[in-house]
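No lab work stands behind these numbers, since they all come straight from the coordinates. Predicted, not measured: the structure shown is a model, and the values here were computed from it. Cβ coordinates were reconstructed from backbone atoms using ideal geometry, including for glycine residues, and neighbour counts include every protein chain displayed.
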Amino acid sequence: MYLIDRMNRIYQRYKDYEWVYILPLVVLSLKRKLEYFFFILHSEKGLPKSEDSQWYLNYAHSLLTDFKLGLQMNDLLYLGYNLILAILIGVFKEEYIVVFIQAVTTASCVILVYLITLRLFNRITAIVASYFYATSWHITVWSMYILSDSLFMNLVLLNVFLLLKALENNNKIIGSLFLISSLLMLVFRPTGVLTLAFIIIYIVLNMKRDQPIAFFKRHRYKFVCALLFVFAAMGFLILADKLNPLLTSLQYNAKLVLYNIYAKGWIYDNPSGHDYAYRPDYRIDIFGSLILSFLIHNWDHVLLLYGRRAIAFIGWWVWKTDIRSLAGMIKFCKDIIPTLLFLFGTYAAIRNNIFRKTSIVWLVIASIFLFCMVLFIDSMYRYKLPALPFICIVCGYGVERLIRIILFFINKFGGKLLQWNRNKHSL
């Protein structure tokens, strides 16, 4: 009894200290990431690489050699990551140290997942969501690649956390940090532009009507100067033909995606047995635009392709479902659990009237989902990675709601059963 009483007093004393819950989650997250890091580091194949990894590394080394920034799409839209990678390579030299830093950073972002979830939902949801994040196999795997995806995921988490902090206490320093992280998102990778647009939607939805007007009035001179600077810069770039490389590369990449991905009905970045085969119309007769002409002439086929990608976004398992055998049914039930938790968490947020307050989570997921739908889904689901922490949060809320429902029924029917037993023995 003394031991139980002592433990209860310790619990009552420290239960409201968030670090008590965060620390074990950080340890678990670091353990998962670093165990896998040292395992693959000392394996025969070593650290994993892809063609994109080599492109990033070559670009980083060229920046260190002559620091020449290009004006093409990949040069500008990946500028943030390229500069960070170049700095890390320049300081630490060895690639495995860069991956180690990335793994530790990704593991430590479980703190951001916890704090974001705590502000939007509650502590139980924060603990469950952080556990899902810490043990996610996909997050662990992609933190071992020299690619922009893992660090971009961390940047999005930081941006959302800074936004919630800024809205919470209107701190100017936090607000400035949020703006800096937002600007970095714009040039970190193409997804950042779309994700930031959805984050701005959240800001608009959660601001009072008079707040934007008052804000613009207070900073009107700054906005006018900023707009003049932007227009002057754009005018200079256009007159000096500096935008030609960017526009040319954008058109080239659009044509590449339309004619090599859309026209072939690919769901992923390479052929699969689940693609949508059709005969495309290649006419270019709408405002002389290749993109508009293709999308308008093939709109019905494109919508069907988007529908298949929407299903595919859930995961590869949707194509491998087998409900004709017991083993297949067991696997299906296991695979579908995260999707059911996500749907239940979404329903619960709407039912409990907290969806507007917490919609930042769904908006970030929607931005990644839309990016994958319009472009394509990476066959290894790398492009889905930035959405995973926020999917973990929604699933965590679904688990928390289930726990509360179970406890409600236990209290309700457990009490009745206990009373029934007492009445039975009294007779």
Study note, to complete from the structure: If every Lys and Arg gets +1 and every Asp and Glu gets -1 at its Cβ, then about the Cα centre the chain yields a dipole, in debye to the nearest 20, of 2020
Point to revise | Using alpha carbons only: equivalent-ellipsoid semi-axes of the range 50-190, gyration tensor based, whole Å | key: 29, 19, 11
Point to revise | Given 16 as the ceiling on other Cβ atoms within 10 Å, longest exposed-site-free region of the chain for trypsin sites (Lys or Arg not before Pro) in DSSP loops | key: 94-207
Exercise for review: Per DSSP H run of n ≥ 4, the term is -39500 (n - 2.57); total these for the chain, divide by its residue number, and report the mean residue ellipticity at 222 nm rounded to 500 deg cm²/dmol.
Suggested key: -25000 deg cm²/dmol
**Study point:** Qualifying GluC sites (Glu not before Pro) in the range 81-189, DSSP loop, other Cβ atoms within 10 Å at most 14
**Key:** E94
Practice item. Give the calculated FRET efficiency between V27 and V204 to the nearest 0.05, with a Förster radius of 45 Å applied to their Cβ-Cβ distance. Key: 0.70
**Study point:** Rounded Å value of the spacing that divides the Cα centres of the range 112-151 and the range 386-410
**Key:** 14
Review point. Could you put V99, V156, V26, V91 in order, starting from the residue whose Cβ has the fewest other Cβ atoms within 10 Å?
Key: V91, V26, V99, V156
Check your understanding: Once fully extended, how much extra length lies between L407 and W19, figured as 0.36 nm per residue of separation less the alpha-carbon to alpha-carbon distance?
Key -> 137.1 nm
Check your understanding: Relative contact order for the chain using alpha-carbon pairs under 8 Å, separation at least 6, rounded to a whole percent?
Key -> 19
**Study point:** Dipole axis of the chain (+1 Lys, Arg; -1 Asp, Glu on Cβ), positive-most option in Y278, N260, S176
**Key:** S176
**Study point:** Computed label-point distance, nm, for sites R283 and K264 using a 7 Å Cα→Cβ extension
**Key:** 2.6
Point to revise | Estimated inter-spin distance, Y306 and K45, nm [label 7 Å along Cα→Cβ] | key: 3.6
Review point. Taking the Cα centre of the chain as the origin and placing charges on Cβ (Lys, Arg +1; Asp, Glu -1), which of W362, S43, N206 is farthest toward the positive end of the dipole?
Key: N206
Check your understanding: Each residue of the range 87-104 in turn: what ³J(HN,Hα) in whole Hz from Karplus with 6.51, -1.76, 1.60 and θ = phi - 60°, glycine and Pro shown as x?
Key -> 5, 5, 5, x, 7, 9, 6, 7, 5, 5, 6, 4, 5, 4, 4, 4, 5, 5
Check your understanding: Quick one: length gained pulling W55 to A232 fully straight, 0.36 nm per residue minus the C-alpha distance?
Key -> 60.4 nm
Study note, to complete from the structure: Checked against the positive end of the charge dipole of the chain (+1 on Cβ of Lys and Arg, -1 on Cβ of Asp and Glu, about the Cα centre), the farthest of A86, A134, F231 is A134
Exercise for review: Springs between alpha-carbon atoms under 10 Å, Gaussian network over the chain: tell me which of F355, F369, F67 tops the mean-square fluctuations.
Suggested key: F67
Exercise for review: Work out, step by step, the length gained on full extension between L343 and L34: first 0.36 nm times the residue separation, then minus their alpha carbon distance; give nm to one decimal.
Suggested key: 108.0 nm
**Study point:** Distance violations [Cα-Cα > 20 Å] among K165/K357; K49/K93; K49/K255
**Key:** K49/K255
